[in-house]
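Asker: Quick one: the structure is below, and I'll ask about it shortly.
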Amino acid sequence: MTAPLLSVRDLSVEFRTRSGIVPALKHVSFDLAPGEMLGIVGESGSGKSVTAFTLLGLLDRAGRVSSGQAMFGGQDLLRLGQGALNELRGAAMSIVFQNPRTALNPIRPVGVQIADVIARHDAGSTATLRARVLDALRQMRIAEPERRASAYPYELSGGMCQRIGIAMALACAPRLLIADEPTTGLDVTTQAAVMDVFRDAVRRGGVGTIFITHDLALASEYCDRILVMQSGEVVEDAPVAEIFTRPRHPYTRRLLRSTPSSVDVIDDLSPDEEPLPPAPPRGDRLAAPVLEVRGLSKSYAFARPRGLSNFWKPRDTAMLRAVDGVDLVIRPGEAVGLVGESGCGKSTLSRMINRLIAADAGEVLLQGTPIQRISPGRFASLPQRRLIQMVFQDPTESLNPRFSVFEAIADPVGQLLPHEGRAALRARVERAATRVGLPLALLPRYPHQLSGGQKARVGIARAMVVEPRLLVLDEPTSALDVSVQAVVLRLLTRLRREEGVAQLFVSHDLNVVRLLCDRIIVMYKGKIVESGTAEQVFNRPAHDYTRSLLAAIPRLRGQRALGAT
Amino acid sequence: MIATLRHAGWVLRGNPVTAVATLGAVLLLMLAAFAPWLMPYDPIESDVASALQPPSAAHWAGTDQLGRDILSRLMAATRLDLAIAASAVGVSFVLGAVIGSFCGYRGGRLDRVVGRVVDVLMAFPLFVLAMALVAALGNRVENIIIATAVINLPFYIRFARAEVNVRRDAGWVEAARAGGEGHLSVVLRFLLPNILPAMAVQISLNLGWAILNAAGLSFLGLGVTAPTPEWGIMVAEGARFISAGQWWLVAFPGLALMLAVLCFNLLGDGLRDILDPRMRT
């Protein structure tokens, strides 16, 4: 075996916080061979990002390396000064950040930003710089590199921005590259495209890569070896094939079983949990629908800048058809998945169904009563508001930071069931909390004192407390760790099986939708392009877009391809 | 409540400057509240026999040209100045926060109209505007309050508008609407409490500024009138005696003014940390 490119031994890092010194990394050791792609997998707080930042010398001021060494090219990275590190960073080692939009300078053209990195380490004439920038863009398979080079980050899509970020990281041909969750927040199809480009560029350059992710399936598709981390410790370090066939550490096994793509039915997901109640017999297909949507449409006006000459004229009305004539029926107790990439109109649709925004055309019937004529402002005060509730995407962002858990759950009750007395209210809130598995001791706490999973439960309890008949879930698990996601998915299934509340599950994650839903609707550019049972959509997709969506799902190694017949 | 106090204690321990400022502000407030009982002499009654005495054991801050005890006058003035500043800032905060929040939440035409009015108001030299208002309305305490409130209002409107604007599309606002809250209650019960910590800084800085403003108006003769004790008038009246070496007539009211403004300015940041529930653990 060749000498490792990077050799980390006994690395420990601790953070100074208000509650004393907290260890973030405990005796972490691993090697990275030249040209190898090493995946570091773990949940939030496991120390995977801290590892990356420590190696690059970008550790936060509160953090301190308490022991260990990291040998890279004969030097110990942990003992280098900032000056020496600056020479290495960008040239010999570089990083791809998590959020491509915030990692790029918004007021400089992307080509110039790449040129800055090259010029910093390897100055040359303007012409050679330009050629190298274009070359870097071409490597990322960016069409029309000349035009793209002069674009500003806001003019590019998220996937394109991340390609720029990768091009920037690879511009000086580094030997070591760290990618910190580079595809979080991108659509599955975009994620697959970016990852393919990334892998090819890394392979071609023989760059040793550390790929940090929380997605086991993604890591298994692209990495050679995987390091599993849990609360600051490496619990498993093995080649990919081995980790999925013979996981040794119980945490790895638990992580694997929490990954939606590893199982076929929801009951098998994290089976250590309390067993789910059996699925009720499929309801009568002719039962009166909870929700019926006919020809629902919504357009947004493109904002055009107004010059002096047309200042007084009415605004230019170029319209974007966000939702374009959508029909939808949801029957009691049914779970329907609404799938599509970002910008396809699925969020707009779910908000129109919820009457948070008004529709331009079409009908919405809630238990047979048309509600589309009621303005969103007035709908808030009607009794029907109770029947349809929503769980929001980011549990942190969807809780008012100034409301305690009790106030958050009680708030809809105060509005929608104003006649209940204090005691009844308290009992109702406690019942809702218990139902979603939230300890009652947490009721007086504030959102920032809760974990992600607890916050997700509060969001679900808040929606369930008024006993709705339809729950609209807008990517409720996309901000959660896999093990927490598994728990929340099981909770949602339990609520549906026990209480028969219908669910409209909006998501871009087909793996999750497959486990949860009876029926799947695929939305593309504002229109429904495919609809059918989960089995139909997965095994016999009719539309091209559905097929590309299915092909892009990351799979655990050894798993049969979804949709393959 | 106890948790709030404990949290305040924690913030103050970690930030001695804020602690000193808080102490100063509390002292000022106590002084204002208990001035009538603490004053050693009557602040208005003149005693020509003991005019223009330098600081001594009997008169700690000396006496003025009419023999009035300067320390007593300073104490009485604290009460008046703080009352003017607090009510002016209170009025502009309440009006500004409500108007600004609704503009930020609704957007559209209302927002544009209010925004331009605010722009016009801010284009005036503010102190001159305040002088004009007092001159037009008359030399009375309530008119000083109105003038100070009017010139502060645009800042609160802008601030509240901007703060609400970034939170308008937050998940918890949508969640509140899904939970049956109307627009009015979303603004008043959800958005306003959330922008309070940020506004506290503004309020605190503004208090100092409002004190200066009230004193400035009185100094120019457009505010409180003699013989009412007020820091601005005391400085204005004492200025005549500086050349004669009778420094204490100006120095003490000037010092009081400076310390009060400094206190409120330093208080700002600490106040935000105390009021923001996310800073607690």
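Asker: Kindly indicate whether any position in segment B:165-174 is away from every other protein chain (no Cβ under 14 Å), at negative phi and crowded, with 20+ Cβ neighbours inside 10 Å.
Answerer: No, because not a single residue in segment B:165-174 is away from every other protein chain (no Cβ under 14 Å), at negative phi and crowded, with 20+ Cβ neighbours inside 10 Å.
Quick grid of which residues meet (1) farther than 30 Å from B:A147 by Cβ; (2) without any contact (Cβ under 8 Å) to a residue 12 or more places away in the chain:
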| site | (1), (2) |
| --- | --- |
| B:V17 | yes, no |
| B:V26 | no, yes |
| B:L29 | no, no |
| B:V48 | yes, no |
| B:A83 | no, no |
| B:S87 | no, no |
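Asker: For B:N206, work out the one condition from (1) within 14 Å of chain A (Cβ to nearest Cβ); (2) within 13 Å of the chain's Cα centre (by Cα) it doesn't fulfil.
Answerer: (1)
Asker: Go over the candidates A:G232, A:G206 one by one and state the one that is surrounded by 19 or more Cβ atoms within 10 Å (Cβ to Cβ) and among the small types (G, A, S).
Answerer: When all the criteria are applied, what remains is A:G232.
Asker: Residue by residue through segment B:265-281, note down the ones that are without any contact (Cβ under 8 Å) to a residue 60 or more places away in the chain and in a helix (DSSP H, G or I).
Answerer: Across segment B:265-281, the qualifying residues are B:P277, B:R278.
Asker: Somewhere in segment A:30-50, is a residue at pLDDT 90 or above and polar (S, T, N, Q)?
Answerer: No, there is no match, as no residue in segment A:30-50 is at pLDDT 90 or above and polar (S, T, N, Q).
Asker: Moving on. I'd like to know if segment B:47-56 contains one or more residues that are under 27 Å from B:C263 (Cβ atoms) and hydrophobic (A, V, I, L, M, F, W, C).
Answerer: No: segment B:47-56 contains no residue that is under 27 Å from B:C263 (Cβ atoms) and hydrophobic (A, V, I, L, M, F, W, C).
Asker: Residue check, B:A239 against (1) more than 14 Å from chain A (Cβ to nearest Cβ); (2) among the small types (G, A, S); (3) surrounded by 18 or more Cβ atoms within 10 Å (Cβ to Cβ), all met but one. Which one?
Answerer: (3)
Asker: How many of the residues making up segment A:463-505 are more than 27 Å from A:T348 (Cβ to Cβ), among the small types (G, A, S) and surrounded by fewer than 23 Cβ atoms within 10 Å (Cβ to Cβ)?
Answerer: Going through segment A:463-505 one residue at a time, the tally reaches 2.
Asker: In segment A:518-531, which residues are crowded, with 24+ Cβ neighbours inside 10 Å and over 15 Å from A:S350 (Cα atoms)?
Answerer: none
Asker: Another question, then. Conditions: (1) farther than 16 Å from A:R9 by Cβ; (2) under 28 Å from the mean Cα position of the chain (by Cα); (3) at pLDDT 90 or above. A:L134 meets all but one. Number of the miss?
Answerer: If we test A:L134 against (1) farther than 16 Å from A:R9 by Cβ; (2) under 28 Å from the mean Cα position of the chain (by Cα); (3) at pLDDT 90 or above, just (2) comes out false.
Asker: Within segment A:395-440, can you find the residues that are over 16 Å from A:G453 (Cα atoms), more than 8 Å from chain B (Cβ to nearest Cβ), surrounded by 14 or more Cβ atoms within 10 Å (Cβ to Cβ) and at pLDDT below 90?
Answerer: Residues satisfying the conditions are A:V413, A:G414, A:L417, A:E420.
Asker: Find all pairs meeting these conditions: Cβ atoms under 9 angstrom apart; at least six residues apart or on different chains; first residue within segment A:374-387 and at the interface with another protein chain (Cβ under 8 Å from one of its Cβ atoms); second residue of a type in the set (D, E).
Answerer: Sorted first by the residue in segment A:374-387, then by its partner, the pairs are A:A380/B:E181; A:R386/A:E467.
Asker: Among the residues of segment B:13-60, which ones are touching a strand residue (DSSP E or B) at 6+ places or on another chain (Cβ under 7 Å) and in a helix (DSSP H, G or I)?
Answerer: B:S50
Asker: If you don't mind, another one. How many residues does segment A:237-253 contain that are among the β-branched types (V, I, T) and without any contact (Cβ under 8 Å) to a residue 24 or more places away in the chain?
Answerer: 1
Asker: Could you please give the count of residues in segment B:41-59 that are within 10 Å of B:I70 (Cβ to Cβ) and among the polar types (S, T, N, Q)?
Answerer: 1
Asker: Sort through B:L196, B:L262 and tell me the only one that's touching a helix residue (DSSP H, G or I) at 6+ places or on another chain (Cβ under 8 Å), in contact (Cβ under 8 Å) with a residue 12 or more places away in the chain and within 14 Å of chain A (Cβ to nearest Cβ).
Answerer: Selected residue: B:L196, the only one of B:L196, B:L262 that is touching a helix residue (DSSP H, G or I) at 6+ places or on another chain (Cβ under 8 Å), in contact (Cβ under 8 Å) with a residue 12 or more places away in the chain and within 14 Å of chain A (Cβ to nearest Cβ).
Asker: For segment A:74-97, enumerate the residues that are crowded, with 20+ Cβ neighbours inside 10 Å and either of a type in the set (V, I, T) or assigned to a loop (DSSP other than H, G, I, E, B) (or both).
Answerer: Residues satisfying the conditions are A:G90, A:I95, A:V96.
Asker: Next question. Given (1) surrounded by fewer than 18 Cβ atoms within 10 Å (Cβ to Cβ); (2) within 26 Å of A:S375 (Cβ to Cβ); (3) acidic (D, E), identify the lone condition not met by B:E142.
Answerer: Failed condition: (2).
Asker: Still on this structure, I have one more. Which ones in segment A:201-214 are out of contact with any Gly (no Cβ under 9 Å at 6 or more places or on another chain) and within 15 Å of A:G165 (Cα to Cα)?
Answerer: Selection gives A:A201 alone.
Asker: Among the residues of segment A:23-51, write down those that are touching a helix residue (DSSP H, G or I) at 6+ places or on another chain (Cβ under 8 Å), closer than 25 Å to A:A201 by Cα and among the aliphatic types (A, V, I, L, M).
Answerer: A:M37, A:I40, A:V41
The values are calculated or read from the model by the stated rules, or taken from the named source; none is laboratory data. Note that the coordinates shown come from a computational prediction; the quantities given were computed from them, not determined experimentally. Positions of Cβ are backbone-derived with ideal geometry, glycine not excepted, and every protein chain shown enters the neighbour counts.
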